[in-house]
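A.B. asks: Below: one structure in C-alpha cells.
The values are calculated or read from the model by the stated rules, or taken from the named source; none is laboratory data. This one's a predicted model, so the numbers in the text were calculated from it and none came from an experiment. Cβ atoms come from the backbone with ideal geometry, glycine included; neighbour counts cover every protein chain shown. Heads up: the accessible areas ignore ligands, DNA and RNA and are worked out on the full protein's heavy atoms, side chains in. Shrake-Rupley method; radii C 1.70, N 1.55, O 1.52, S 1.80 Å.
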Amino acid sequence: MTTLPDHAPDVWTPATDIDKEKALVILGDLPSRNANDAALSHAVYMLALDGVTAYGLDKAVRAIVQGSLGHAFAPSPPELRQEIDRAMRPLVEARERDTERSNRRVGWAEDRSEKFEPNSRESRRRVAALYREFCRTWPASEGRAEAPSGVLLDPDKVAKIPDAPRSARPLGEILRPRAKSPPATTDGPGVNPGGAKQRSAP
C-alpha cells in the first residue's frame with residue numbers, strides 16, 4: 001500500500017551548501033571521463049549549482065543515477081545544471097501561468113471597480129443629466145435644425161413589415177410634433193366666445 005505524504009514538498013527552497021556537497025558525493029561514485037584537478041572541478045560544480053533548489057537538485061541526481069544522460073559517467077557541471085533546470089521546468093512554467101492568471105484577475109477587479117460602476121451615484125447623475133439635455137433639445141426648437149421632411153420610408157421595405165401602413169409618410173412628418181388644434185367651443189352658432197349673441201344683419 002502506497003503512503004502519500006502529508007504535505008506537498010517545498011519545491012522552491014534553495015539548496016544549501018550541505019545539499020550540494022551530498023549531491024556531489026553521490027555523483028562522485030560514478031566513473032569520471034577526465035582527470036582534471038579535483039579542487040578546480042569542485043569549484044566549477046559549485047558555480048554550476050548556484051541558485052538551484054533542493055528539490056530540483058535531488059530530482060536531477062536521481063535522474064542521472066537512473067541513466068537520464070544516456071551514458072554511465074559522472075555529469076559535467078553544465079550537464080548537472082541542465083538536468084536540474086529540466087526537472088524544475090514544469091514547476092516554473094506552472095508558477096508563471098498562475099502568476100499571469102492572478103495578474104489578470106487583479107486587472108479585471110481594478111477595471112470593474114474603477115471603470116464599470118453602473119449603479120454608482122456619479123453614473124446615475126451623468127445619465128440623468130444626459131436625459132434632461134435630450135428632453136430639452138428635442139423636438140428641435142426655433143433656430144435649430146429640424147428633422148428632414150423630404151426623406152421617405154422605402155415603400156418596398158414598408159410593405160414587408162407585418163401590419164405596415166398602406167402609405168409611407170415622410171420621415172420629417174413622422175418625427176415633427178403635431179400642432180395642437182384650438183379648443184372646441186361649447187357655445188352654439190352665432191355666439192361669441194365671450195357669451196354675447198351676435199346680431200343678425202338686417
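A.B. asks: If you filter region 43-92 for chymotrypsin sites (Phe, Trp or Tyr not before Pro), then keep DSSP loop positions with at most 14 other Cβ within 10 Å, what is left? Don't skip to the end; give the middle numbers.
C.D. replies: Details: sites: Y45, Y55, F73; in loops: F73.
When the chymotrypsin sites (Phe, Trp or Tyr not before Pro) of region 43-92 are filtered for loop state and at most 14 Cβ neighbours within 10 Å, F73 remain.
A.B. asks: Right, next: Multiplying the sequence separation of A129 and V106 by 0.36 nm and subtracting their Cα-Cα distance, what value in nm do you get? Don't skip to the answer; put the middle values down first.
C.D. replies: Details: separation 23, 0.36 × 23 = 8.28 nm, distance 3.25 nm.
Full extension from A129 to V106 adds 5.0 nm.
A.B. asks: Something else: Mind running the shape call on region 12-83? Use the C-alpha gyration tensor, a ≥ b ≥ c as the square roots of the eigenvalues: rounded below 1.5 for a/c, prolate if a/b tops b/c, oblate otherwise.
C.D. replies: Details: a/c = 1.86, a/b = 1.19, b/c = 1.57.
Oblate is the answer for region 12-83, as a/c is 1.5 or above yet b/c matches or exceeds a/b.
A.B. asks: Can you give me the distance in nm between label points at T16 and R97, each placed 7 Å from the Cα along the Cα-to-Cβ direction?
C.D. replies: Reported label-point gap for T16 and R97 is 3.4 nm.
A.B. asks: Let me ask another. What figure in square angstrom, to the nearest 10, would you give for the accessible area of D156 with a 1.4 Å probe?
C.D. replies: 110
A.B. asks: Here is a further query. Using a 7 Å offset from the Cα along the Cα-to-Cβ direction at both R136 and M46, what is the distance between the two label points in nm, to one decimal?
C.D. replies: 8.0
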